[in-house]
1. Being under 27 Å from B:Ala348 (Cβ atoms), at pLDDT 95 or above and more than 12 Å from chain A (Cβ to nearest Cβ) narrows it down to one residue among B:Ala408, B:Ala434, B:Ala419; which is it?
2. What's the total number of residues in the range B:285-309 that are over 18 Å from B:Leu390 (Cα atoms) and buried (at least 17 other Cβ atoms within 10 Å of the Cβ)?
3. Mind checking which strands (runs of 3 or more DSSP E) fall wholly inside the range B:180-296 and carry at least 2 residues that are farther than 17 Å from B:Gly344 by Cβ?
4. Looking only at the range A:230-245, decide whether some residue is buried (at least 20 other Cβ atoms within 10 Å of the Cβ) and in a helix (DSSP H, G or I).
5. Which residues, taken from the range B:437-481, are more than 8 Å from chain A (Cβ to nearest Cβ) and in contact with an Asp or Glu (Cβ under 7 Å, 6 or more places away or on another chain)?
6. List every residue pair whose Cβ atoms sit under 7 Å apart, with the two residues 6 or more apart in sequence or on different chains, where the first one lies in the range B:261-273 and is touching a residue at least 24 places away in the same chain (Cβ under 8 Å) and of a type in the set (Val, Ile, Thr) and the second, anywhere, is in a loop (DSSP other than H, G, I, E, B) and buried (at least 18 other Cβ atoms within 10 Å of the Cβ).
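The values are calculated or read from the model by the stated rules, or taken from the named source; none is laboratory data. Just so you know, these numbers come straight off a predicted model, no measurement behind them. Here Cβ is always computed from backbone atoms with ideal geometry, including for glycine, and neighbour counts include all displayed protein chains.
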Amino acid sequence: MPPSAFSTIDAALAGFAAEVGADGPVCVRGGDTRRRAGGEPAPGTRELRAPAGIVALAPAEMTVRVRAGTTVAELHASLAETGQRTALPERSGGTVGGALMVGESAITRLGLGPVRDALLQARYVCADGRVATGGAGTVKNVSGFDLCRLLVGSLGTLGLLGEALLRTVPIPESEAWFRLRGGDPQEVRQRCRTAISILWDGAETWVLLSGYSPDVAEDRQVLARLGDVADAAGPPALPPNRWSCTPAEAAAFAGGNGAGPHGATAGIDCVAEVGVGVVHAAAPQPPRPPEPGVAELNRRMKETFDPTGRLNPGRDPLRRN
Amino acid sequence: MATLLGAAARRLGRGADRAAPTADPDAALAADLRAAIGSERVRADAAARYLVSRDASIYSEGTAGPLCLPTSTEQVAACVRIAADHGRAVVPRGAGTGLAGGAAPLGRPVVLSLTRMNELLSVDLDNGVAWVQPGMVNLELSRRLAPYGMHYAPDPSSQQACTIGGNVATNSGGPHCLAYGVTSAHVVSLEVVLSDASVVTLGDLTAEPAGYDLRGAFVGSEGMCGITTAAAVRLTPDPAAVRTLLIAYDDVSSCAATVGAIIADGIVPAAIEMLDQRCVGAIEDFARAGYPRDAAAVLLVEVDGPPGGVAVAADRVAEIAAANGAVSVRAAADDDERARLWKGRKSAFGAVANILPDYYLHDTVVPRSRLVEVLEQVYEIADRYDLTALNVFHAGDGNLHPILAFDARVPGTMERVHAAGREIIEASLAVGGALSGEHGIGVEKRDYMERMFSDADLDQQSRLRAAFDPHCRLNPGKVLPSAHSCADIGSLRAADGKIWG
């Protein structure tokens with residue numbers, strides 16, 4: 001019996017691989033929500049679309065198999081019918097492939113975890129035009145090297161994603177946003193165990209409580225003891241730029257006068273993800289030069305996976321922000 | 001560095017011309033290692049080398065060169081550099097609890113035991129991490145974090161002995177990984193020594209480090225991409241409430257069916273463990289943990305979190321169990337009873353020794369919906385090969401741990417054990433399963449990789465490894481079948497023609 005991997009490459013994936021081929025610079029276009037992340041495609045790069053569509057919902061496995069060109073919104077709409085969702089961020093028109101390749105987590109990362117942990121199996125087209133599978137079709141797997149983790153955030157520079165098996169999580173019975181005036185967001189984090197998102201602009205805190213009804217009700221009471229709490233329709237509007245900070249830096253950042261780490265200034269218009277470290281700011285984050293050894297490993301990784309540099313030329317994950 | 005690698009490559013090239021092994025082939029190497037890290041930290045005697053020639057698996061054909069016991073990152077780097085100078089591979093090692101031969105040294109490499117680097121370096125509550133050295137024992141870390149109301153979530157059954165460095169190498173799991181995730185989800189950043197003896201930090205404490213997720217690519221690489229010398233691990237707050245249920249069944253199928261029913265209901269318990277009657281008997285003989293001997297199978301289900309939800313979820317689990325044919329549902333009355341139940345569960349593998357002296361443990365994963373049929377096949381296969389099968393496993397994520405117990409002294413037994421193991425793996429892969437859920441591939445499962453992955457898949461895995469260790473100097477001969485790791489073969493032949501020659 002031959003290995004099972006090839007037999008599960010469906011016509012959509014095979015067609016995508018044929019389009020990618022084995023030669024010439026090529027990139028994949030998603031929903032254009034983060035088109036400039038890590039740089040724009042080099043001139044002359046052939047632009048493709050990844051195949052779309054949900055392949056298999058498996059609520060009892062808590063997984064979903066989906067093609068990369070599917071929008072996250074469409075995926076979540078289908079999953080909602082089974083009472084589940086994923087940790088992927090839902091941006092207007094944003095695709096599953098785009099979300100995974102950019103690797104930015106949703107504002108619910110505090111509770112749902114980072115995007116990088118959501119990918120269980122990836123089927124992608126390699127630089128040589130073959131389809132490869134990383135990971136396994138199960139919720140747990142350590143069979144060999146972890147290509148899935150390597151691919152998330154790689155901006156399509158190591159392989160072009162065609163299909164993903166994603167981990168799903170149940171949608172809890174109770175979930176609501178609250179807005180807190182006064183009170184310490186760090187205390188919210190310590191005391192409200194159902195908080196899956198805590199957003200702080202230095203003056204007010206937005207909290208998404210999520211879980212079993214009695215626990216959410218209890219945490220709502222905790223919020224009332226911490227400050228002036230009101231129901232909120234959703235999170236605040238987020239400034240356009242994304243900073244990657246440590247949780248401690250993010251706390252100081254939003255709590256101070258906008259002075260960020262390493263002497264940078266983002267302006268006072270910023271919203272910090274408490275306990276996570278992402279800060280949404282008006283100004284772009286200054287470049288953060290990697291240590292030379294890390295830059296060298298990044299270079300070797302790209303060269304090893306894509307010796308001719310044909311996959312998404314012009315894009316570099318070291319310049320993602 | 002180019003000079004160093006070039007010199008090493010020349011040495012490798014000369015390997016075939018080496019003199020017959022009458023003189024001590026390690027003398028010059030050991031002398032250089034002693035000069036670099038101190039003679040008290042290098043052991044080249046036969047007894048020391050024998051002790052590190054294997055791990056907890058049944059693989060027994062390892063051959064170790066000098067054993068080094070470094071106490072700092074600089075010493076680890078020095079050992080790696082000297083090994084390269086002598087054309088030798090390096091095999092890092094923690095507590096040796098691995099179950100796939102991952103730490104078994106092939107081809108007389110320098111063995112680095114990281115157990116003397118066992119400090120808790122810092123607890124950083126603001127960033128929710130602790131920096132630890134690789135030799136820190138898993139359970140000891142949680143004990144040290146307890147005063148902060150925190151713990152380290154991955155909890156392999158060997159947690160009283162296994163080290164964080166080894167956990168990183170195998171991407172270890174454990175019962176509570178069902179809700180909390182495996183090691184990869186709990187490692188934020190790593191300081192590692194690469195095969196060229198350079199020291200790099202993979203990942204950092206920021207939310208979204210720039211560049212490829214080298215941290216994620218490294219975790220689970222079985223010592224083949226670098227040597228962990230420090231790890232920043234995530235602190236997990238202790239749950240506010242815990243409820244542990246022991247559910248008994250008259251038949252294995254009803255027990256397994258309950259697992260899928262719980263998940264399908266939208267409940268994610270912290271752990272769902274399943275034990276069959278033979279396993280319960282072994283545990284009770286050994287640990288007297290309080291499991292019902294007369295049940296055909298039992299589930300150990302733990303729910304944790306805020307108290308309100310824990311009560312709701314525990315009641316719901318009990319209802320689902322009853323609807324699926326459970327004959328009894330018992331909640332642990334207090335922390336002592338809960339601790340006894342878990343002690344029993346985690347001593348299951350040791351308890352097998354009361355039945356037969358040896359065991360071979362598989363670690364496949366199957367979709368939850370296929371648990372019943374694969375379990376039935378496991379029993380059928382074991383019966384056919386006249387072997388004793390016990391099942392105790394992480395049912396919640398479909399991670400089977402069929403134990404084939406046997407007596408290796410009986411002629412012909414090993415052949416039956418391997419044949420039965422192969423059939424269990426084929427049965428798991430046939431339903432879309434995975435070769436290993438948490439133990440890793442090592443050398444034991446290496447030649448099964450081609451049953452799960454295509455040429456293109458293995459080529460990609462080989463590239464990941466090559467980017468970290470282009471000369472295949474670290475733990476060669478593991479994970480990747482030989483056709484996908486040619487450089488490993490060259491490296492091993494150079495050191496000891498007997499292994500691969």
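1. B:Ala419
2. The total comes to 9.
3. Values: elements: B:187-193, B:199-202, B:227-234, B:241-249, B:271-276.
The strands (runs of 3 or more DSSP E) meeting that bar are B:187-193, B:199-202, B:227-234, B:241-249.
4. No, there is no match, as no residue in the range A:230-245 is buried (at least 20 other Cβ atoms within 10 Å of the Cβ) and in a helix (DSSP H, G or I).
5. Once the filter is applied, which keeps residues that are more than 8 Å from chain A (Cβ to nearest Cβ) and in contact with an Asp or Glu (Cβ under 7 Å, 6 or more places away or on another chain), the range B:437-481 yields B:Gly442, B:Cys472, B:Asn475, B:Pro476, B:Gly477, B:Lys478, B:Pro481.
6. B:Ile262/B:Pro269; B:Ile263/A:Met62
For (1) touching a helix residue (DSSP H, G or I) at 6+ places or on another chain (Cβ under 9 Å); (2) modelled with pLDDT under 95; (3) assigned by TED's automatic domain parsing to the domain that holds A:Gly277, each residue gets a yes or a no:
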site: A:Glu61; (1), (2), (3): yes, yes, no
site: A:His76; (1), (2), (3): no, no, no
site: A:Ala80; (1), (2), (3): no, no, no
site: A:Met101; (1), (2), (3): yes, no, no
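Per-residue answers, yes or no, for (1) under 24 Å from the mean Cα position of the chain (by Cα); (2) in a loop (DSSP other than H, G, I, E, B); (3) crowded, with 18+ Cβ neighbours inside 10 Å; (4) not assigned by TED's automatic domain parsing to the domain that holds B:Val182:
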| site | (1), (2), (3), (4) |
| --- | --- |
| B:Arg338 | no, no, yes, yes |
| B:Tyr360 | yes, no, yes, yes |
| B:Val374 | yes, no, yes, yes |
| B:Glu380 | no, no, no, yes |
| B:Asp386 | no, yes, no, yes |
| B:Ala389 | yes, no, yes, yes |
| B:Val392 | yes, no, yes, yes |
| B:Val410 | no, yes, no, yes |
